[in-house]
Every structure is written in C-alpha cells, then in structure tokens.
Amino acid sequence: MARAKSDAVLAAAVEPARRELLEATKGEGVGEHVGFTLDGERLGTHWFAATLPGYGGWAWAVTVTRAPRAKTATVCETQLLPGDDAILSPEWLPWADRLAPGDVGPGDVTPKIDDDPNLEPGFEATGDEDVDAVALWELGLGRPRVLSAEGRDRAAQRWYDGAHGPNAEVATKAPARCAGCGYFIPMAGALRSVFGVCANEWSPSDGGVVSRDHGCGAHSEIDMDAPEPEKVGEPILDDEVLEVL
C-alpha cells in the first residue's frame, strides 16, 4: 500500500494536540510547535519543543489519527523523545560488566566468569594416588582452574606497559635497570626471562612485579656523589653595637 503523502486534517490539529499535551504534562516543559510528520495513512505526529531542564534536544511527540472521511483528529498518545542532538545517558550495562580493575575494595566480591579466557581447567585426577599427590602438593595444581597461556600473555603485557615497566617515569629517569639490582628476585616459570619481584623497601616498587628493564633510584649498585661540606666562616661579633631596649 502506498504511503499517504499528506493529510490536511491531521496537519491542522496543532491546538488539539497541544491541549492534550498540556493536560498530560500539567503545562510543564512544553515549548513551541516545531513540526508535523505523517507516519502512515490517517496517522501523524505533532512535535513540540521540550523546555525541561536537562533535556536539551528532546521534543514532545503527540500522535494523532482520524477515522476514514472524518474531519476531526483524535489524540492517541503523548511521549517525550530524544532528537539527533539530544543529551542521552550512557547505555546501561549490568553491574558485572561495569566493573573495572581497581574497583574491588575490602568486602567486595567479583562475579564468577565461567568462560574466562584467562583461565583454563587445572589438574584432573588420574586415579593414581602417588601421581595425584605430586601434582596437588608439590606442583601446586590443586585448583579448579589455572592461568591460561592467553591470560599469562595479557598479564605480562599489562605489567610491561604499566607503572612497573621500562616506560614508567621512574624507570626512564633511573640510573640503572632492575636486572642488575641485588633486590631483584626473578620470577619462576615462563615469565622468569622478563619479570621479577622488587624486595627493596626503599623502592617505590617494593613488593611488586617489575620488568628486568625497569629501574628506580634505589638500585643496590648505584651510589650518588657526596656533596662537599659547605664551609662556614667564623662568626663575627661587633661589640661596639649597642641594642637599645
């Protein structure tokens, strides 16, 4: 069915549309009439500017219709709708998806992610008590899931690009790298070639993971030039000056 191009009865129903809108809103936030659109056969919408605080770019929409061959329009509904330049709230996200690193505080619990790509199934019992005992206790695999290769690589990249990598400000100004510091404890496993843990209480990285090419001013093998002591001359006393009280 071809869409109607015009409808004089509906287009002229500005005042009935305004009257119903004022009644629905109790007169709050209704501005000037700003246009009319024909939505279908005997169905259209009158638009009124919204003057409510915080609703810039929004408009009131009043839908009108009429019966076949009728000479008067009937209001169907009114609603407040955003325009192209309207101020909108951010798209709603579930709480679990809004969490970001650093958001978890004392007493908080993060939701479990069953299909977390950073983890993979841990050790599965073989049925041999001796083999299982070695895996569970000596290798430390008594966990349902362990870090996957993807999770390890993502963590390594995050650490390397972060505050304990070579591009941190403290590292770019450091006189030497962590790899040559006596307080550098290399990590075990696949990350040993790149990372370690700082054990220097004077370092800003104490207790944290650092890359071998990180650095700070508390390096164990770097010393600073001792300044020459400032020479202070003998005090000069002027006995001829009297202080009048």
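The values are calculated or read from the model by the stated rules, or taken from the named source; none is laboratory data. What you see is a predicted model, and the numbers here were worked out from it, not measured in a lab. Cβ coordinates were reconstructed from backbone atoms using ideal geometry, including for glycine residues, and neighbour counts include every protein chain displayed. Protein only, heavy atoms only, side chains kept; ligands, DNA and RNA dropped before computing areas. Shrake-Rupley method; radii C 1.70, N 1.55, O 1.52, S 1.80 Å.
Counting each pair of different Cα atoms once, what's the Kirkwood radius of segment 156-206 in Å, rounded to one decimal?
Values: mean 1/r = 0.0873 Å⁻¹.
Its Kirkwood hydrodynamic radius stands at 11.4 Å.
Name the long-range amide H neighbours of V64: under 5 Å, sequence gap of 5 or more, or other chain; modelled H, no Pro or chain starts.
Close amide H contacts, sequence-distant or interchain: G44, T45, H46, C76.
Per residue of segment 214-231, in order, report the coupling 6.51 cos²θ - 1.76 cosθ + 1.60 (Karplus, θ = phi - 60°) as ³J(HN,Hα) in whole Hz, putting x for Gly and Pro.
With coefficients 6.51, -1.76 and 1.60, one gets 6, x, 7, x, 9, 4, 5, 9, 10, 10, 10, 5, 6, x, 5, x, 6, 7 Hz.
Using a cut-off of 29 Å between alpha-carbon atoms, which lysines can reach K5, once sequence neighbours fewer than 8 places away in the same chain are excluded?
K71
Take the Cβ-Cβ distance between E150 and I222 as r, set R0 to 51 Å, and report the resulting FRET efficiency rounded to the nearest 0.05. Spell out each step's value before the answer.
Details: r = 38 Å, r/R0 = 0.74.
Given R0 = 51 Å and the Cβ-Cβ separation, E is 0.85.
In degrees from 0 to 90, rounded to the nearest 10, what is the angle of the helix 14-25 Cα long axis to the longest principal axis of the chain?
50 degrees
Could you work out how far apart the two model spin labels at A96 and V34 are, taking each label as a point 7 Å from the Cα in the direction of the beta carbon, and quote it in nm?
Using points 7 Å along Cα→Cβ, the separation is 4.0 nm.
Nearest 500 deg cm²/dmol is fine: what mean residue ellipticity at 222 nm does the chain get from its DSSP H runs of n ≥ 4 alone, each adding -39,500 (n - 2.57), divided by its residue count? Don't jump to the answer; show the numbers that get you there.
Numbers: 6 runs with 42 residues, N = 245.
Estimated from H runs of four or more residues: -4500 deg cm²/dmol.
Quick query: amide H of V197 versus all other amide H atoms, modeled in the peptide plane; which residues come in under 5 Å with a sequence gap of 5 or more or a different chain?
Residues meeting the amide H criterion: I185, M187, V210.
Let's test the formula: R0 of 30 Å, r as the Cβ-Cβ distance of T172 and E201. What FRET efficiency results, to the nearest 0.05?
Values: r = 23 Å, r/R0 = 0.76.
That gives a FRET efficiency of 0.85.
Could you state the orientation-averaged shadow area of the convex hull built on the Cα atoms of segment 8-82, in nm² to one decimal? Please list the in-between numbers first.
On the way: hull surface 18.3 nm².
Mean orientational projected area (segment 8-82, Cα hull): 4.6 nm².
For the chain, take the longest principal axis of its alpha carbons; what is the angle in degrees between that and the long axis of helix 149-161, to the nearest 10 within 0 to 90?
Computed tilt is about 80 degrees.
Using a 1.4 Å probe on the protein heavy atoms, what percent of the accessible area of the chain belongs to carbon and sulfur? Present the calculation step by step, with values, prior to reporting the outcome.
Working: 9830 of 18040 Å².
In the chain, the share of accessible area belonging to carbon and sulfur is 54 percent.
Could you report segment 8-82's accessible area per residue, 1.4 Å probe, as an integer in Å²?
On the way: 4210 Å² over 75 residues.
Roughly 56 Å² per residue, with all protein chains present.
Cross-link candidates for K173: which aspartates and glutamates have Cα within less than 13 Å, leaving aside residues fewer than 8 places away along the same chain?
D213
Karplus couplings for segment 40-45 from phi (6.51 cos²θ - 1.76 cosθ + 1.60, θ = phi - 60°), rounded to Hz, Gly and Pro as x?
Karplus-based 3J(HN,Hα) across segment 40-45 equals x, 5, 6, 8, x, 9 Hz.
Over segment 8-82, calculate the relative contact order: mean separation of alpha carbon pairs under 8 Å at least 6 apart, over the residue count, as a percent. Please list the in-between numbers first.
On the way: 142 pairs, mean separation 22.2, N = 75.
In percent, rounded to a whole number, it is 30.
Based solely on C-alpha atoms, express the radius of gyration and the Dmax of segment 45-121 in angstrom.
23.5, 73
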